[in-house]
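Below is one structure, written out as structure tokens, with a few remarks after it.
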Amino acid sequence: GDETPRETSSLISTDHDDSIYGKNMALYEDEMDSTPMVSSLLNKLANYTNITQGALEHEEAESEDGIQRMGTFIGVFLPCMQNILGVILFLRLTWIVGTAGIMEALAIVFMCCSCTMLTAISMSAIATNGVVPAGGSYYMISRALGPEFGGAVGLCVYLGTTFAGSMYILGTMEIFLTYIMPNAAVFEAKSREPTGMQNNMRIYGTFCLVIMTLVVFVGVKYVNKMALVFLSCVMLSIMAIYAGVIQSAIKHRVCLLGNRTLQNSRFDKCEKTELINNVTTPTQLWKLFCKGGIENATCDEYFTHNNLTEIQAVRGLLSGVISDNMWGHYGQYRDIVSPERASDKSHDSHYVLHDVTTFFTLLVGIYFPSVTGIMAGSNRSGDLRDPQRSIPTGTIMAIATTSIIYLSCVVLFGACIEGVVLRDKYGESVNGTLAVATLAWPSSWVIVIGSFFSCCGAGLQSLTGAPRILQAIARDGIMPFLQVFGHSKSNGEPTWALLLTAAICEIGILIGSLDHVAPILSMFFLMCYLFVNLACAVQTLLRTPNWRPRFKFYHWSLSFLGMSLSLSLMFVSSWYYAFVVILFSGCIYKYIEYRGAEKEWGDGIRGLSLNAAQYALIKLEEAPPHTKNWRPQLLVLLKLDSDLGVKHPCLLSFTSQLKAGKGLTIVCSVLEGTYMAREADAKLSEKEKTKGFCHVVVSSNQRDGFSHLIQSAGLGGMKHNSVLMAWPANWKQAESSLSWKNFIETIRETTAAHQALLVAKNIDKFPTNQDRLDEGTIDVWWIVHDGGLLMLLPFLLRQHKVWRRCKMRIFTVAQMDDNSIQMKKDLQMFLYHLRLDAKVEVVEMHAGDISAFTYEKTLVMEQRSQMLKQMQLSKTEREREIQSISDESRNSIRRKPCGEKPTQSNKFQVPTIILDEEVAQGFTSYQSYMDQTNVRRMHTAVKLNEVVVKKSKGAKLVLLNMPGPPKNKGGDENYMEFLEVLTEGLERVLLVRGSSREVITIYS
């Protein structure tokens, strides 16, 4: 466990004046640095400010002019109205109604408005659960779901707001080039020819973007001052629409040739011929379809065989046109717009054509941006007088109002305007007039000019808000590559963030089509809304003590419904865009998880993890795990050097190589001393990075510390079942006997606790995680069966890339009365059922005589043990005595050649062991009282070591059954000698002592 980084609170201050507290609070004066007085806390709370990051100009203006903070209507309701009502309402809603029909258009509007309303309810709950500083939706989501989700969704909000700026600029240019100054087009765009139209939008859109960026760069205060003007234009335009419905004036007429709608910008009369001075004269319309005079004219066949019909564009509320517009009239690309559902294709520029293939899901993606903008109030939380009251009230009122406006407009458009006019996206059938403007009163220019300024204002608002969202993300430090965008000008304006926003906005403008940009920003906003609902649902279900929102009209089921609706709308609008945005968010999530700064914001995901962990631990406690679910849960006993560094780093590498079982890992160590004195050292030592848990305890001695860890490490069902430690190297030369005594006591305690024990000998020669072992073998010497752990460990090791190329070999020992051939067959069948791929070999060990070399090893071992017990030697004397015994045995004893076998008659005679006369007398006398148990054990160790070295000398790793320590503690030192002899001559050894519990099974 690393230390949990805590978020700095602006409400806590450690500054205090002794004169204030005086002697009345002397009892608490030692703790005032960390726990300020209540009066100090309340003073800070009263003076707390959450002005929007970077808005220093606004703050200065407020202090100089004495302007008070905004209330619900000005601060939340009107900004939300301005952002929700805009470009889609004026440019695309009539087309959506005409194409989808009134019923399907109502379904689209209802789904989208329901999504935003449910999101607003969730957002209101989060926004009223404490103070919301600047950062708006990003701040709320990141603090509710954590930095990973917060960063991913924050970038989605930023990109959505940026592409919204692109959409508003494209909408502004569409109004300008189509309805205000069509002659200003640089490229000719006949019949809305896509390439020419898009090129015009790109050129003028880029120019408009540069102007808007300069306005935002000069000062946000100018944008804020113009916001009310732009909002007035929106409201005036909507009022003109309603007035036109009431008045229902017939202003425009539509000319049809047969059932085909004609562009009437090229003729003035819907007639083929006209009578002038009693002379039949061809009209302008005639000249479009015919060549030559009336007598010898060559005309279009369809023109010749069909009559012209002139119908009213706006037929009025009571005309009955609502029945014709009730259901959808979807069309293919380049189909002619006509009253009937079936239509003909044409490339003739005289007709009104569909510029895109239409279908329901396309319309959903294009319409959804019209209901975005519900975050406008929460983004201004720093400017509100009472955010916790204003944000819920203002946002929900704005959504309710705009939903009523949208739903009523759908019905009124379908009830008043002719269907062919509704489906005419660019108003070509009504002299190039905006379709919705045909309904306006007193003049269509009210809506044209109003929508133009509305789109300009919305674009400026997007270019103002998006850089601040990016700046807030950058200043949080959760994504290192965004740090440069956290910088700002001297007045706080996010210059670098504004430049990046303008560059991304230019990408949207280069797409050149409002219809293509709208689904992109729909995805980003829907992703944001999805996580707002998720945040509220998680916090509600967890019932954390800090979840106490003032807004009470929320429920987790509403949040889940909003989340489901958001996800559904994403895939309904555009399934491929949805996958791209989800993949983008997932990549950002993993990046923050892998490279981002560590942040602890008390988020709900962490609380969810705690609840899930608690539930899982309780379930695990109900019954011990089945053999099929057994995996090594490792408690790694580490030793630290004087600098608190890991003494054997390879032990940690070997731990990670064993993690193919995906089990628990607890890395622990012990510091000697008292906790109060070494608390800082313990915290510092726990910062060792490992995939598991790190725990350092302070104890009076290492033996007690490791004992406590073996007994108490873990929690509930997540306790360790195996202990991994290193062999105490150089235990013979150690100044104190504590190292090997502690080692043996650890073996006894793990056995008593029914835990497996893994001891790595020569651990510093083990491979690191960066090594790749060439083809070799992992040899398992299966002497006794104590649960099957010896079989499982090589399998787990071979899952890791370090050991992947190694083959597995299993050796077992047969006695004289065993059938070695049958043993091999049985073992092969056993491994087959265990699904383990290994080579099997049975080694025969004959019950030969105990060699003189074994007696000599036992003699030296017991002499050394007795001498150390009897003599209280100083440090220097003890080392000298140990060395002299070793030298004496080496110089005076010479082994027989290996090929010569001892016989019964000479096993104690001089030909086997040649001694000096004095030593021989002592040896002969010592045989009579030598401990025969030690002799037998030494014999086993020597013989087994000879076999293991012969077979596994070149193995990459040797796994051996570890014999248990003697029951009599007097023989502990002899036990260490036995293990030394057993493993002598082997490079890497893992001694394994099972828990006597089956850990591997042949059953499925």
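The values are calculated or read from the model by the stated rules, or taken from the named source; none is laboratory data. The model shown is predicted, which means the values in this text are computed figures rather than measured ones. Glycine also receives a Cβ, built like all others from the backbone with ideal geometry; neighbour counts cover every protein chain displayed. Side chains included, ligands, DNA and RNA excluded: accessible areas come from the protein's heavy atoms. Shrake-Rupley method; radii C 1.70, N 1.55, O 1.52, S 1.80 Å.
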(request) Multiply the residue separation of Lys647 and Val484 by 0.36 nm, subtract the distance between their alpha-carbon atoms, and state the gained length in nm to one decimal. (result) 54.6 nm
(message) How would segment 100-169 be classified by its alpha-carbon gyration tensor: rounded, prolate or oblate, with rounded meaning a/c under 1.5 and the a/b versus b/c comparison settling the rest?
(response) oblate
(request) Just the number, please: carbon plus sulfur as a percent of the accessible area of segment 274-429, 1.4 Å probe, no ligands or DNA/RNA counted. (result) 54 percent
(message) Leaving out ligands and nucleic acids, and using a 1.4 Å probe, what accessible area per residue does segment 720-760 come to in Å²?
(response) 38 Å²
(request) Can you send over the carbon and sulfur percentage of the accessible area for segment 440-599, probe radius 1.4 Å, protein chains only? (result) 68 percent
(request) Work out how much length Phe359 to Leu236 would gain on full extension: take 0.36 nm times their residue separation and subtract the Cα-Cα distance, in nm to one decimal. (result) 41.1 nm
(request) Round to the nearest 0.05 the FRET efficiency obtained for Lys953 and Ala729 when R0 = 25 Å and r is the Cβ-Cβ distance. (result) 0.75
(request) Send over a whole-number figure in Å² for the accessible area per residue of segment 357-440, probe 1.4 Å. (result) 21 Å²
(message) Binning at 5 angstrom from zero up to the longest distance, how are the C-alpha pair distances of segment 277-418 distributed in percent?
(response) 2, 7, 10, 12, 13, 12, 10, 9, 7, 6, 4, 3, 2, 2, 1, 0, 0
(message) Applying a 10 Å radius around every beta-carbon, put 810-823, 167-180 in order of their mean neighbour count, most first.
(response) 167-180, 810-823
(message) If you roll a 1.4 angstrom probe over the protein chains with everything in place, what fraction of the accessible area of segment 738-826 belongs to carbon and sulfur, to the nearest %?
(response) 49 percent
(request) Enter the mean projected area of the convex hull around the alpha-carbon atoms of segment 496-561, in nm², rounded to one decimal. (result) 7.0 nm²
(message) Ranking request for peptides 197-204, 391-398: highest mean number of other beta-carbon atoms within 10 Å first, then the rest in descending order.
(response) 391-398, 197-204
(request) With viscosity set to 0.692 mPa s and temperature to 37 °C, compute the Stokes-Einstein D of segment 192-242, Rh being the Kirkwood radius across alpha carbon pairs; µm²/s, no decimals. (result) 244 µm²/s
(request) Using the heavy atoms of the protein chains and a 1.4 angstrom probe, tell me the accessible area per residue for segment 169-234 in square angstrom. (result) 48 Å²
(request) Order the peptides 828-838, 705-715, 442-452 from the highest to the lowest mean number of other Cβ atoms within 10 Å of their residues. (result) 442-452, 705-715, 828-838
(message) Residue by residue through segment 632-649, what is 3J(HN,Hα) from phi via Karplus (6.51 cos²θ - 1.76 cosθ + 1.60, θ = phi - 60°)? Round to whole Hz and write x for glycine and proline.
(response) x, 9, 8, 10, 9, 8, 9, 10, 9, 8, 5, 8, 6, x, 6, 6, 10, x
(request) Sticking with the crude label model, points 7 Å out along Cα→Cβ, report the distance from Ser712 to Trp556 in nm, one decimal please. (result) 3.4 nm
(request) Quick one: compute the contact order of segment 745-850, relative version, from alpha carbon pairs under 8 angstrom and 6+ residues apart, as a percent. (result) 24 percent
